[in-house]
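The values are calculated or read from the model by the stated rules, or taken from the named source; none is laboratory data. Everything numeric here is computed off the predicted structure, so don't read it as measured data. Glycine also receives a Cβ, built like all others from the backbone with ideal geometry; neighbour counts cover every protein chain displayed. Please note that ligands, DNA and RNA were not included when accessible areas were found on the heavy atoms of the full protein model with its side chains. Shrake-Rupley method; radii C 1.70, N 1.55, O 1.52, S 1.80 Å.
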Amino acid sequence: MKPAFALSLSFEGISLLHRAAGGWRQVGAVMLDDPDLARSLGGLRDLALRLDPDLRCKLILPNDQIRYLTVDTGPFRGETRLNVIEDAVATATPYALDELVWDTSPDGSVTHVAAVARETLAEAEAFAGEHGFHPVSFVAVPDDNAFLGEPFFGPASGLRELTGTDAVEPDGIAVVV
């Protein structure tokens, strides 16, 4: 299952994107300093409903909430490579490993890592749900970071309730508007 919408969150504002041929199209945006944020997000939701009645979406997390790393993993594979990555992530963040979710992108003798705090995922999911969107997964757009593809941080906690399954298919490439 791939959602038709993506809700992009940032500290400036929120953009709603709709999946289209060749990428994504912006449906609309709301600035966070909007004096009636809830009403404006409701208007964004209404625009989305005109395109598709299924408001399941992936949440695009702001890059300033994600720790990107490039880890020298050498020729290691499997559990040894994972241990090297875990050591690097634990050193690079103030969080315990069980408080983080990360995705990796192997690239020869290095592995690119994108890590995010679980509490950030929970806050993003709660915010989207509170405003009538139905988050099914968490992703990022690496922009200038070395990560190859779309960092995928897994399904939202409410996925099974929304879809009847725990499966959501990540996109191979990052969102391009």
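Could you list which residues have their amide H under 5 Å from that of VAL27, counting only those 5 or more apart in sequence or on another chain, with H placed in the peptide plane? HN-HN under 5 Å from VAL27: LEU16, LEU17, HIS18.
Within the shell defined by Cβ-Cβ distances under 14 Å, the residues around THR104 carry a net charge of -4, with Lys and Arg each +1 and Asp and Glu each -1.
Here the simple spin-label model places points 7 Å from the Cα toward Cβ, and for GLU99 and GLU12 these points are separated by 3.0 nm. Quick one: helix 37-51 against the long Cα principal axis of the chain, what's the angle to the nearest 10°, folded into 0 to 90? Relative to the chain, helix 37-51 is tipped by roughly 90 degrees.
Classify the chain: rounded, prolate or oblate, from the alpha-carbon gyration tensor (a ≥ b ≥ c, eigenvalue square roots; a/c under 1.5 rounded; otherwise prolate if a/b is larger than b/c)? Judged from the Cα gyration tensor, the chain comes out prolate (a/c at least 1.5, a/b above b/c).
Between LEU32 and THR165, the distance separating the two model label sites (each 7 Å from Cα on the Cα→Cβ line) works out to 3.5 nm.
The Cα center of the stretch 1-77 and the Cα center of the stretch 126-166 differ in position by 9 Å.
With label points built 7 Å along Cα→Cβ from the Cα atoms of ARG25 and ARG50, find their separation and express it in nm. According to this spin-label approximation, the distance is 1.2 nm. Measuring nothing but how far apart in sequence close Cα pairs (under 8 Å, 6+ apart) lie, relative to its length, the stretch 115-177 scores a relative contact order of 30 percent.
Helix 78-92 axis versus longest C-alpha principal axis of the chain: approximately 70°, rounded to the nearest ten.
Accessible surface for the chain, divided over its residues, is 51 Å² per residue with a 1.4 Å probe. Electrostatic tally near GLU123: other residues with Cβ closer than 15 Å to its Cβ, Lys and Arg +1, Asp and Glu -1, net -4. Evaluated with a Cβ-only charge set (Lys, Arg +1; Asp, Glu -1), the chain carries a dipole of roughly 560 debye about its Cα centre, given to the nearest 20.
To put it simply, the accessible area of the stretch 1-145 at a 1.4 Å probe is 50 percent carbon and sulfur.
A straight chain from ASP144 to ARG77 at 0.36 nm per residue would run longer than the Cα-Cα distance by 21.5 nm.
When the square roots of the Cα gyration tensor eigenvalues are ordered a ≥ b ≥ c, the ratio a/c for the stretch 47-125 is 1.5 or more and a/b exceeds b/c, which makes its shape prolate.
Compared with the direct C-alpha span, the chain from THR91 to ASP64 gains 7.9 nm at full extension, assuming 0.36 nm per residue. Look at the dipole of the chain built from charges on Cβ: of HIS18, SER40, HIS131, the Cα furthest out on the positive end belongs to HIS18.
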